[in-house]
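The values are calculated or read from the model by the stated rules, or taken from the named source; none is laboratory data. This one's a predicted model, so the numbers in the text were calculated from it and none came from an experiment. Methodologically, a virtual Cβ is constructed for each residue, glycine included, from the backbone with ideal geometry; neighbour enumeration extends over all protein chains shown. Just so you know, the surface numbers come from the protein's heavy atoms only, side chains and all, with ligands and any DNA or RNA stripped out. Shrake-Rupley method; radii C 1.70, N 1.55, O 1.52, S 1.80 Å.
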Amino acid sequence: TKGSRNPLTHELATHMRYVCDYDVKLMMQVIPCYDGFSDAEKKKCIESAVSGKRTAMSGKMRDVISYIQQKKDGNLDMSQNLDEAEKANGLYYYHHFPKLPPAIKASIAAVGQNMAMPILLTISPAIGALATGVKLYVHGDCRNLNLHAFLCGQMSSNKGRLDDIKEAWTYYLQQQDDILIALEKDYKRKKRLAKNQKEQPKEEVFPIRILTMNSTIPNLADRLGNLNGIHAFSYTCEADTVSQRWGKSLPEFSVMIRQAYDGSRFEREAKSDEAVSVHIPHLLWNTVLCGTPDALYRMYPNCKDGTVSRVMLATTPDNTYDSLETKIPELTPALAEKIHEVAQLLPLMKGEINSKRLEDTGREWLEDIRLESIKEADPIKARFRMRTCVNAQRVVGCLLVVAAATRLIEKHGLEGARQQLEADPECWLPLLPSLMRGKFLSIFNLVADYLLENSLHYFRKKMEEADSELSQIVSGNRQRTGKNDNIYAQLPDVFTFEQAFNIGKNVRGNGYTMNSCQQMIKNWKRQGLIEPIPDNKFRKLNSKTSYSQVG
């Protein structure tokens, strides 16, 4: 209709520009004219969408391509064109990255260029944990590089390639832990042998930093309590290991993730002397999990408690119809050595990164997304942008410490760089201004846009559904007072989708989309407010529901 044609045309053009080569003329032919749209006004709307900020292909468009591929009915030309569009989308970030440190390039080379962004986000928590003495100022708060990532992908989508990269970054840390694990086993053996003796072995603490998630919450809390102000790091290639093992303890895991993200106090008290009680002033624990979308939702069943906004979501590229690669990327000894050199220096680095340029870049991005959210009437995007900005800045902080360590190695050699840092752990800080010259900070926008897109892709519908759950059970009756209820009240007893959408536009404004209307009707059916009837219509079931409308 006239009231919705501008936002619908703009939204459609925003998604279709990726498969139309940003060609306004082509899009003028493809996009329909809604309600007598004049060519001049339609062209202006499309040009506005084409000239908007360029990012990788949106999740909605990827879903459309996936659907068409499944329905292609043997149309080889269509399949090849769609595959090319998907591959170009996967390489978007790699081609737009600024110059990266050799250790980061080596990590990307070991998994393939189309995995550039996922691998960057999933090694950043390991880098932040290694550089445990480094802090970053974001919006006036100075905190450690605390990061949590979830690599999400369908089965056989190459998530397992991350294992070798993780082991390369944590190689020396694992060597130290192996020594501690052997000492702990010996200590426990001595303690068992001396169980009935008068003299008992002296109590010892073993600060193991790479912690398995295939454990219990008390054991994990005990390990974290032994670290005395340095980072722990946990990685699992199967997120279901955690959700199945912890089950009812997942809410406590969620609390731990939130406190570790903020570096806040974590306490766990138990009555028994033998049970685990810990008092950690600042919980420092970075995590990386891998799994399918189903595993993601099992790990974070509550999308409203603040955990999902703290977790960085990365997605493996869609390889459903890919042919087998002739040369599969792998982590060669030469690539691993580049990572090892930097990784062993990171624990020696200390100091605070306080960059006005990085802060200004983050604030500018936040303001752009705020204005977009207002224009689109999108409170979920507006909410996600806040911690997305913090996560993106911390990822840039991880890149800065890697780049600084690389610069020290280039200048002094590996052993010389080690000696420099042992003598002065903050000797790398003066290098930061020179490292951020040129286009380096452009990576912040790439990371922030990617994180925001993935958060909305996986959790928008769930958050919309949760926001619509405003019902309260009062004496067995359902009472509702939201905007969707105003729409419901204005509809006739039998109505069509178009009627619901038009009334929704009047109530919610031009930012109201067909997707929002579909979600609203889906919620009404689930809540027993309506039922579908023939001819694509719906009937209100007032008799089954006590309804109260607030103006």
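Percent antiparallel among DSSP beta bridges with both residues in the chain, to the nearest 5?
Of all bridge pairs located within the chain, approximately 45 percent are antiparallel.
Provide, in order from the shortest bin, the percent of all Cα-Cα pairs of the range 107-193 in each 5 Å bin, continuing until the bin that contains the maximum pair distance.
Cα pair-distance distribution for the range 107-193, in percent: 3, 12, 16, 16, 14, 13, 11, 8, 4, 2, 1, 0.
Given points 7 Å out from each Cα along the Cα-Cβ axis, report the His279 to Asn214 separation in nanometres with one decimal.
Here the answer is 3.5 nm between the modelled labels.
May I ask for the angle, rounded to the nearest 10°, between helix 514-526 and the longest principal axis of the chain, with both axes built from Cα atoms and the value confined to 0 to 90°?
On a 0 to 90 degree scale, this one is about 90.
Once you list every other residue whose beta carbon is under 12 Å from the beta carbon of Ile181, what net charge do they have if Lys and Arg are +1 and Asp and Glu are -1?
Computed value for this residue: 0.
Using only protein heavy atoms and a 1.4 Å probe, report how much of Trp246 is accessible, in Å² to the nearest 10.
Roll a 1.4 Å probe over it and Trp246 shows about 20 Å².
Sort largest first and round to whole Å: the equivalent ellipsoid semi-axes of the chain, each the square root of five times a Cα gyration tensor eigenvalue.
In descending order, the three semi-axes are 46, 31, 22 Å.
Taking the chain as the reference, fit the longest principal axis to its C-alpha atoms, fit the long axis of helix 116-130 to the helix C-alpha atoms, and give the angle between the two in degrees, 0 to 90, nearest 10.
Its long axis makes an angle of about 40 degrees.
Please report the carbon-and-sulfur percent of the accessible area for the chain; probe 1.4 Å, protein heavy atoms only, DNA, RNA and ligands left out.
49 percent
Any chance you could check the Cα centroid distance between the range 524-540 and the range 340-407 for me, in angstrom?
Each part's Cα centre sits 46 Å from the other's.
Quick check of the Kirkwood formula: for the range 193-279, what is the inverse mean of 1/r over all pairs of different Cα atoms, in Å? Working shown, then result.
Numbers: mean 1/r = 0.0679 Å⁻¹.
Here the Kirkwood hydrodynamic radius works out to 14.7 Å.
Quote the FRET efficiency, to the nearest 0.05, computed for Asp368 versus Asp467 with a Förster distance R0 of 25 Å and r equal to the Cβ-Cβ distance.
Calculated value: 0.60.
With a 10 Å radius around each residue's Cβ, average the other Cβ atoms per peptide and rank 8-19, 411-422, highest first.
Packing proxy ranking, top to bottom: 8-19, 411-422.
For the pair Glu267 and Ser156, what calculated FRET efficiency results from E = 1/(1 + (r/R0)^6), where r is the Cβ-Cβ distance and R0 = 60 Å, to the nearest 0.05?
0.90
Specify the angular offset, from 0 to 90 degrees and rounded to the nearest 10, of the alpha carbon long axis of helix 59-70 from the longest principal axis of the alpha carbons in the chain.
80 degrees
Tell me the label-point distance for the pair Asp360, Asp322, using the 7 Å Cα-to-Cβ offset, in nm and rounded to one decimal.
In this crude label model, Asp360 to Asp322 measures out at 4.0 nm.
Using the heavy atoms of the protein chains alone and a 1.4 angstrom probe, what is the accessible area of the chain per residue in square angstrom?
50 Å²
Please provide three numbers in whole Å: the alpha-carbon extents of the range 254-357 along the principal axes, with the largest listed first.
Over the range 254-357, Cα extents along the principal axes are 60, 40, 39 Å.
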